[in-house]
Amino acid sequence: MATWSNFNLQNGASPLMEQIIFFHDHTLIILIMITILVSYLMLNLFFNKYINRFLLEGQLIEMIWTILPAITLIFIALPSLRLLYLLDELNNPLITLKSIGHQWYWSYEYSDFHNIEFDSYMIPSNELSNNNFRLLDVDNRIILPMNNQIRIMVTATDVIHSWTIPSLGVKVDANPGRLNQTNFFINRPGIFYGQCSEICGANHSFMPIVIESISIKNFINWINNYS
Ligand code: CUA
């Protein structure tokens, strides 16, 4: 989860988030190289000797400084497209979780089983326990098995919300009257926090998402004992 002074992305807890972090670093390196080059060129303008005062065109240099940025953009665009299509690829999910956005809470349905469904509200500040995080913990967590493909279907009942978990690389808008699909694969046990990220009204900041990732054995146990 995000803590104080966290400048970078949160650690990835899924293979796709790992890829997103790699892509971010790759693009940032290119950005830094461009910034350094342009800063150097601009700095040099201060020491201009006005030698080429009457220079109006130069076919070769114009060719080079047109093609070079185009090549640079390809180096960003191709990995970006690869990621974009990779993120949407879903094969053989083990379970499907349905997540419905409301003003201002999420509700969840596990329709693969005995139609388990529950609401998930943020724990108000005055009811926090010592092991809770303010504005981030909920009364009913999503329980999911790690090391399995999970499909989530996202929708909303009133306005547009957005189901977002940074450490899993998931961000899907929840639109009323529309069902969106995405997938993820959690590669370790743990608790993963997310928040609504579509400005959805007065209490937009207060509809967090909490996923508890456990082993498949414990997950089956949880399903069996759910009442
Ligand atoms: Cu729901 Cu912002």
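The values are calculated or read from the model by the stated rules, or taken from the named source; none is laboratory data. On a predicted model such as this, the values are computed, not experimentally measured, just so you know. Every residue, glycine as well, gets a Cβ built from its backbone with ideal geometry; the counts of neighbours run over all protein chains shown. With ligands, DNA and RNA removed, areas are computed over all heavy atoms of the protein, side chains included. Shrake-Rupley method; radii C 1.70, N 1.55, O 1.52, S 1.80 Å.
Of all residues in the stretch 103-112, those being buried (at least 17 other Cβ atoms within 10 Å of the Cβ) and within 16 Å of the ligand (Cβ to nearest atom) number 4.
Being without any contact (Cβ under 8 Å) to a residue 24 or more places away in the chain, assigned to a strand (DSSP E or B) and touching a strand residue (DSSP E or B) at 6+ places or on another chain (Cβ under 6 Å), is that true of even one residue in the stretch 196-209?
The first filter runs over the stretch 196-209 and keeps only residues without any contact (Cβ under 8 Å) to a residue 24 or more places away in the chain, leaving 199.
Then keep just the ones that are assigned to a strand (DSSP E or B); that gives none.
No, there is no match, as no residue in the stretch 196-209 is without any contact (Cβ under 8 Å) to a residue 24 or more places away in the chain, assigned to a strand (DSSP E or B) and touching a strand residue (DSSP E or B) at 6+ places or on another chain (Cβ under 6 Å).
All conditions in (1) away from the ligand (no atom under 14 Å from the Cβ); (2) touching a Pro at 6+ places or on another chain (Cβ under 8 Å) hold for LEU179, with the sole exception of (2). Within the stretch 68-79, residues that are surrounded by 10 or more Cβ atoms within 10 Å (Cβ to Cβ) have Cβ atoms under 6 Å from residues that are in a helix (DSSP H, G or I) in these pairs: ILE76/THR27; PRO79/PHE23, counting only partners at least 6 apart in sequence or on another chain. Counting only residues that are among the hydroxyl-bearing types (Ser, Thr, Tyr) and free of Cβ contacts under 8 Å to residues at least 12 places away in the same chain, how many does the stretch 109-167 have? Residues meeting the conditions: 2. Looking across ASN52, ASN48, one residue alone is free of Cβ contacts under 8 Å to residues at least 12 places away in the same chain, open to solvent by less than 90 Å² (accessible area, probe 1.4 Å) and part of a loop (DSSP other than H, G, I, E, B). It is ASN48. Can you confirm whether PHE75 is of a type in the set (A, V, I, L, M, F, W, C) and outside any helix (DSSP H, G or I)? No; evaluated as a whole, the condition is false for this residue.
Suppose the filter is at pLDDT below 95 and under 21 Å from the mean Cα position of the chain (by Cα); does PRO145 pass it? Step through it out loud before you land on a result.
On the way: at pLDDT below 95: no; under 21 Å from the mean Cα position of the chain (by Cα): yes.
Taking the combined requirement at face value, the residue does not satisfy it.
Evaluated against (1) away from the ligand (no atom under 16 Å from the Cβ); (2) more than 21 Å from LEU84 (Cα to Cα); (3) open to solvent by 50 Å² or more (accessible area, probe 1.4 Å), ASN187 falls short on exactly one condition, (2). Here VAL172 meets each of (1) open to solvent by 60 Å² or more (accessible area, probe 1.4 Å); (2) within 16 Å of the ligand (Cβ to nearest atom) with one exception, condition (1). Among the residues in the stretch 187-195, are any in a loop (DSSP other than H, G, I, E, B) and of a type in the set (A, V, I, L, M)? No, the stretch 187-195 contains no residue that is in a loop (DSSP other than H, G, I, E, B) and of a type in the set (A, V, I, L, M).
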